[in-house]
1. Regarding Y132, is this residue assigned by TED's automatic domain parsing to the domain that holds N98, modelled with pLDDT under 95 and farther than 27 Å from A237 by Cα?
2. Quick test of your reading of the structure: R38 fulfils all but one of (1) at pLDDT 90 or above; (2) surrounded by 14 or more Cβ atoms within 10 Å (Cβ to Cβ). Name the failing condition by number.
3. Just the residues that are among the aromatic types (F, W, Y) and not in a loop (DSSP other than H, G, I, E, B), please, taken from region 141-175.
4. So is V225 modelled with pLDDT of 95 or more, within 25 Å of S57 (Cβ to Cβ) and buried (at least 22 other Cβ atoms within 10 Å of the Cβ) or not?
5. Only one residue in A140, A155, A197 is among the small types (G, A, S) and touching a helix residue (DSSP H, G or I) at 6+ places or on another chain (Cβ under 8 Å), so which one is that?
6. Looking only at residues in region 191-212 that are of a type outside the set (G, A, S) and in a helix (DSSP H, G or I), which one is nearest to A252 (Cα to Cα)?
7. Quick test of your reading of the structure: S215 fulfils all but one of (1) assigned to a strand (DSSP E or B); (2) hydroxyl-bearing (S, T, Y); (3) more than 21 Å from S94 (Cβ to Cβ). Name the failing condition by number.
Amino acid sequence: MILNQRQQELLEWVQRAGHVSVDDMAQHFGVAPQTIRRDINQLADERKLHRVHGGASAHSSVENVEYSTRKDMRSDEKERIAKLVAEHIPNHASVFMNLGTTSEAVARALHNHIGLRVITNNPHIAMTMCHYRDSEVVLAGGVMRPKDYGICGEATIEFIRQFRVDYAVLGVACIEMDGTLRDFEMRETRTSEAIIAQARNVFLVADHSKFGRPSLVQMGHLRQVTALFTDSAVPEALLPVLQEAGTELYIASE
C-alpha cells in the first residue's frame, strides 16, 4: 500500500500518541470523519495500526504503552472521570486503588476528602495521598516493576486479602463488547482480581479508548463492577451488557 501524505501523518500521529480519535483526526486534517475511517480501515488492513471504537490505536495485545507516555495521554478525559468518581466516594471511606494513570487521577481528585483509609499497590498514589487530612495510606508489599514502580505478585495478593474495603477504584486496559475486562500482565490482573474480591463496591475507571482495545489477559467481567465511569458514550453493543450485569454507568462529559 502506498500511503498518501495524510495517511502517513495519521500513522505517525497514532504511533506517537498511542491512540487518536476519529474526531480529532478529522478536525486536524480538515476532512470528514468518513474519510478518516476509510484511512484507518486501509491502514488496519495493512496491519499498521488497530481499529478501536471511535479511533485508531498503535497498541499491541501484549504490551502497553510506556508509563511516561500514558501519563500524558487523554489527561483531560481522565481528570473529568476522576472528578466524577470523587463525588461518589464519601469522607471516612476505605478505598482500594490499583495501578493505572486514571486511578492516579482519582487519587488527585480526592484531595479535599478527609478521613480516608487507602490501600494501594501504586506508589504514585501512595505518595500523592499520604498527606491528605486525617487520612492513612497503606502501601502493599511485593515485587516492584521498574517500568512504572507498580507492585504485584503473590505477596501483594496475600496482603490485599487481609482487608475488606468500602470501595475499589480500578483502571483497566480493555473492556470488550461482551463485558470481559482485560489487561496486559498476568501478575497485574491477578492483583486486580484480589482487589475486586475484597471490595463492597467496585468503581471501574476507563476512558473511551479502552473499549475494544486489544489486551491479552482476562481480568474479570462487568458483572463484578458496581459502576463504570467513562468520558463519553459507550458503544451501543455494550449497553445491554451493562444492563444485564447491573453495572451503573456514569459519563463525565465536557
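The values are calculated or read from the model by the stated rules, or taken from the named source; none is laboratory data. None of the values given here were measured: they were computed from a predicted structure. With ideal geometry, Cβ positions are generated from the backbone for all residues, glycine too; neighbour counts draw on all protein chains shown.
1. Working: assigned by TED's automatic domain parsing to the domain that holds N98: yes; modelled with pLDDT under 95: no; farther than 27 Å from A237 by Cα: yes.
Spelling it out, it is not the case that Y132 is assigned by TED's automatic domain parsing to the domain that holds N98, modelled with pLDDT under 95 and farther than 27 Å from A237 by Cα.
2. (2)
3. Narrowing region 141-175 to residues among the aromatic types (F, W, Y): 149, 159, 163, 167.
Within region 141-175, F159, Y167 meet the criteria.
4. On the way: modelled with pLDDT of 95 or more: yes; within 25 Å of S57 (Cβ to Cβ): yes; buried (at least 22 other Cβ atoms within 10 Å of the Cβ): yes.
Yes, satisfied.
5. Numbers: A155 fails: touching a helix residue (DSSP H, G or I) at 6+ places or on another chain (Cβ under 8 Å); A197 fails: touching a helix residue (DSSP H, G or I) at 6+ places or on another chain (Cβ under 8 Å).
Just one listed residue meets the conditions, A140.
6. Initially, region 191-212 is screened for residues of a type outside the set (G, A, S), giving 191, 193, 195-196, 198, 200-205, 207-208, 210-211.
Applying the additional criterion that residues be in a helix (DSSP H, G or I) yields 191, 193, 195-196, 208, 210.
Numbers: T191: 27, E193: 25, I195: 24, I196: 23, H208: 11, K210: 15 Å.
My answer is H208.
7. (1)
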